[in-house]
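Please treat every number below as a calculation from the coordinates, not as lab data. Since this is a predicted model, take the numbers as computed values, not measurements. Every residue, glycine among them, receives a Cβ derived from its backbone with ideal geometry; neighbour counts consider all protein chains shown.
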Amino acid sequence: MPKGSPELTNARREEIINACEKLYKTMSFKEITMKEIGNMTSFTRTSIYNYFQTKEEIFLALLKREYEWWTASLREMIEQHTAMTKDEFSDMLARSLEKREQLLKILSMNHYDMEAGSRPEHLAAFKVAYGDSIRTIMDGLTKFFPSMTVSEKQNFIYAFFPFMFGIYPYTFVTEKQRTAMENANVNYVFMTIYEITFHCVRKLLDEEG
């Protein structure tokens, strides 16, 4: 751990994560390197290794932050309501993810490699944020659908969270992908993040509720 105040350490970590996030808007995960990230920071490139040893650790930290922001917004929405119908709960989850395009984009990458390329302490910190998001949705299900059994809520979680990995590829396509679909005569209806999420959540609530 580098020397300095906790405030300086956190500020530099955030600067590195922000640099990675900015690059990811125009570059692919494969194209981004530690050198590219370092060139975007205000301190020496080699100093990055005091905070993150691999770009996978930086992306994992970015994903952790996205989960934290998503969870905070979910908690606020849940606390604002005393009751919700299935449609309203589906709308809430869909609206929350509609604002988290970055979260969904990172999830669409090879998640296994990202975790495998990170040190245990970074992976553990990420799992805390990930676990908080699961518990928050579980709390929402418990609050608004008290008749759901523990098994039904677990089934919802184990269907919904893997589903999130596929939202971005199904809602954001390049012109090359769109042309390929047309040339293959695939009559595919493209949906928005909101639409695909709402329909999935609503169906799961019907099946498990």
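Using alpha carbons only, how many degrees (0 to 90, rounded to 10) separate the axis of helix 150-164 from the longest principal axis of the chain? Helix 150-164 and the main axis of the chain meet at about 50 degrees.
Once you have the Cα-Cα distance between GLN80 and GLN154, take 0.36 nm times their residue separation minus that, and quote the gain in nm to one decimal.
24.3 nm is the gain from fully extending GLN80 to GLN154.
Could you give the angle, 0 to 90 degrees to the nearest 10, between helix 120-144's Cα long axis and the longest principal axis of the Cα atoms of the chain? Around 20 degrees separate the two axes.
With q set to 0.09, 0.13, 0.17, 0.18 Å⁻¹, the log10 of I(q)/I(0) for the chain, from the Debye formula over equal scatterers at the Cα positions, is -0.43, -0.83, -1.18, -1.25.
Could you give the angle, 0 to 90 degrees to the nearest 10, between helix 86-98's Cα long axis and the longest principal axis of the Cα atoms of the chain? So the helix axis and the longest Cα principal axis differ by about 20 degrees. Between GLU207 and GLU182, the simple spin-label model (points 7 angstrom out along Cα→Cβ) gives 3.4 nm. Using the Stokes-Einstein relation with a Kirkwood hydrodynamic radius computed over Cα pairs, the translational diffusion coefficient of the stretch 1-51 at 37 °C and a viscosity of 0.692 mPa s comes to 291 µm²/s.
Measuring nothing but how far apart in sequence close Cα pairs (under 8 Å, 6+ apart) lie, relative to its length, the stretch 59-208 scores a relative contact order of 38 percent. Between the residues MET114, ALA184, ALA72, the greatest Cα displacement towards the positive end of the dipole of the chain, with unit charges on the Cβ of Lys, Arg, Asp and Glu, is found for MET114.
Going through the cross-link list LYS64/LYS105; LYS25/LYS176; LYS25/LYS55; LYS105/LYS176; LYS127/LYS203, which pairs have a Cα-Cα distance over 23 Å in this structure? Beyond 23 Å between Cα atoms: LYS127/LYS203. For the stretch 138-209, what relative contact order do you get, as a whole percent, if you take Cα pairs closer than 8 Å and at least 6 residues apart? Worked out over the stretch 138-209, it gives 47 percent. Summing charges over all other residues whose Cβ lies under 14 Å from the Cβ of PHE145, with Lys and Arg as +1 and Asp and Glu as -1, gives -3.
Basic side chains Lys and Arg get +1 at the Cβ, acidic Asp and Glu get -1 at the Cβ, and with that the dipole of the chain about its Cα centre reaches some 600 debye.
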